[in-house]
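Quick note: the coordinates plus some simple rules give every number you see, no bench work behind them. Since we're looking at a predicted model, the values are computed, not measured. Here the Cβ positions follow ideal geometry from the backbone for every residue, glycine too, while neighbour counts run over all protein chains shown.
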Amino acid sequence: MFIGGTETTSRAIEFALAHMIDKPDILKKAQQELDLIVGESNIVEESNIKDLPYLHAIMKEVIRLHPSLPLLFPHSPSESCVIGGYTVPKDKPDILKKAQQELDLIVGESNIVEESNIKDLPYLHAIMKEVLRLHPSLPLLFPHSPSESCVIGGYTVPKERFLGHKSDYNESEFIYFPFGSGRRICPGTMMAERVFMYLLSSLVHSFDWRSGEGEKIKLSEKFQTVLRKKEPLMAIPTPRLCRSFMYE
């Protein structure tokens with residue numbers, strides 16, 4: 001668990017710092033919260049974490065936008081079964097092979113795909129919709145929230161998504177579940193959140209952060225088993241605490 005949580009946490013913190021450098025007002029608000037709770041003459045302690053709601057909201061928004069393991073390791077039951085009205089097959093289906101079989105049936109192996117064939121390819125349509133659901137081309141930008149709380153489609157959208165709203169793995173509320181839920185929930189959830197909060201709060205409290213001269217922060221992702229930034233974050237830290245010996 002410790003080995004598995006090392007890279008995932010470090011990548012998530014990299015995304016968090018990138019977003020905060022890209023949005024200096026967010027970084028400033030987080031530092032103001034830390035100065036109020038921790039103080040400029042102290043360093044962050046683990047006991048402070050529970051009193052940092054704004055940083056908690058940043059953590060949740062970052063791992064909502066950039067889940068460390070976007071596609072978890074595949075699971076399949078030992079026998080076919082029905083769960084919640086859905087049939088879960090015994091063996092994991094070969095998605096590519098099924099798509100090719102559909103194309104061979106509709107188009108034929110001696111023809112090329114024509115636009116007129118598209119409407120007769122339900123399996124490929126399903127693949128397209130699932131891919132766009134998992135990887136929207138224009139996801140909600142950080143922190144992308146309304147100027148005032150409002151109700152849309154029966155759902156209350158808070159002014160800042162995770163502030164003042166307890167969103168912790170509630171199976172009836174699908175606003176926050178980057179670690180999964182139910183019996184398949186990540187066993188390292190509590191450790192991951194504590195380590196993330198402690199490291200991020202220490203970095204934000206101890207230093208001011210900025211990008212290099214003329215450099216623009218890029219937030220694009222590189223899709224692997226563990227999600228990471230396409231281009232590593234290059235940032236310049238400046239000490240901000242009043243006592244230099246605290247950096248020794």
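In the structure shown, do any of LYS98/LYS129; LYS28/LYS218; LYS98/LYS218; LYS97/LYS119; LYS60/LYS230; LYS60/LYS229 have a Cα-Cα gap over 26 Å, and if so which?
Beyond 26 Å between Cα atoms: LYS98/LYS218.
Sticking with the crude label model, points 7 Å out along Cα→Cβ, report the distance from SER116 to ILE185 in nm, one decimal please.
5.5 nm
Simple spin-label model, 7 Å along Cα-to-Cβ: VAL226 to LYS50 in nm?
Taking the simple label geometry, VAL226 and LYS50 are separated by 3.0 nm.
Just rank ILE63, ILE37, ILE83, fewest to most, by other beta-carbon atoms within 10 angstrom.
Fewest to most other Cβ atoms nearby, the residues stand as ILE83, ILE37, ILE63.
Fewest to most neighbouring Cβ within 10 Å: what's the order for PHE207, PHE15?
PHE207, PHE15
Using a Förster distance of 22 angstrom, determine the FRET efficiency expected from the C-beta separation of GLU40 and SER10, and round it to 0.05. Display every interim value, and only then the final one.
Numbers: r = 26 Å, r/R0 = 1.20.
So, using R0 = 22 Å, E works out to roughly 0.25.
What length, rounded to one decimal in nm, is gained on full extension from LYS28 through to LYS216, with 0.36 nm per residue of separation minus their alpha-carbon distance?
Here the answer is 65.8 nm.
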